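The values are calculated or read from the model by the stated rules, or taken from the named source; none is laboratory data. Predicted model, so just to flag it, every value in this text is computed and none were measured. As a convention, Cβ positions derive from the backbone with ideal geometry for all residues, glycine included, and neighbour counts pool all protein chains shown. These accessible areas exclude ligands, DNA and RNA; they are computed on the full protein's heavy atoms, side chains included. Shrake-Rupley method; radii C 1.70, N 1.55, O 1.52, S 1.80 Å.
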Amino acid sequence: MRFIASASAAALILFAALSLCPAEEKKDAAAPQPDKDGFYALFDGKSLDGWKAAEHPETFKVEEGNIVVNGARAHLFYDGPVNKHDFKNFHLRAVLQTFPGANSGIYFHTEFQDANWPSKGFECQVNATHSDIKKSGGLYGVKDVLNTAPHKDNEWFTYDIIVQGKKVTLKINDVVTSEWEQPEGWTGPGTKPSGRVLSHGTIAIQGHDPKSKVVYKSVLIKPLAD
């Protein structure tokens, strides 16, 4: 009887272990997976799952597989599972398109904020023909690209943002447009300390104003080693 009981207990344990396997496999399959180059998609092409909008959520919509940004000032913060939405060193690559008079931006090392312009992190400017002289490819207010944008409205372009240690490199269509290395003792641009200091945080997309329309086709990120 003792042998039969032991055999029955072993069988139950084995059954329980096997029954857990499909769940574990499903869990692993649902986890974010990188592409062959190590990039993770932050936007699934279908919804804003993994993103959290502040101030005016209606500014952001998904249409024809793209994030359409058009409306009152708002910011869309990545709040999804990739790296627990906290990035220090990384390579971000976005494919986007501006329309005449549009202004937007891609923030990094930022955090969710209910309203106003994000006070933490840096903005990588998106602007070809808006009246602001600070154009795409510049690190806003820190290392700007002035007057002439390195891309045109109504055309898709690639924006690369690479942060490694104290260095930030921005590229438009594979051409370096801005490079900046944070100096020792840096507390932010200007004379007062600010949140514009390299640290860590999430990514955000800016909706600038109702006259600005920008469309993001993809947003990919590859975490880099410290």
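Data table
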read-out: Residue count for the range 195-223, restricted to those that are under 21 Å from Asn70 (Cα atoms) and polar (S, T, N, Q); value: 3
read-out: Per-region count, the range 31-65, residues under 26 Å from Trp117 (Cα atoms) and either crowded, with 19+ Cβ neighbours inside 10 Å or among the hydroxyl-bearing types (Ser, Thr, Tyr) (or both); value: 8
read-out: Looking only at the range 127-169, and only at residues there that are assigned to a strand (DSSP E or B), closer than 17 Å to Leu198 by Cβ and touching an Asp or Glu at 6+ places or on another chain (Cβ under 6 Å), the one that is least open to solvent (accessible area, probe 1.4 Å); value: Gly138
read-out: Residue within the range 162-171 that is under 15 Å from the mean Cα position of the chain (by Cα), among the polar types (S, T, N, Q) and modelled with pLDDT of 95 or more present; value: no
read-out: Those residues of the range 170-224 which are open to solvent by 80 Å² or more (accessible area, probe 1.4 Å) and out of contact with any helix residue (DSSP H, G or I) (no Cβ under 9 Å at 6 or more places or on another chain), in sequence order; value: Asp174, Val175, Glu179, Glu181, Glu184, Thr191, Lys192, Pro193, His200, Lys211, Lys217
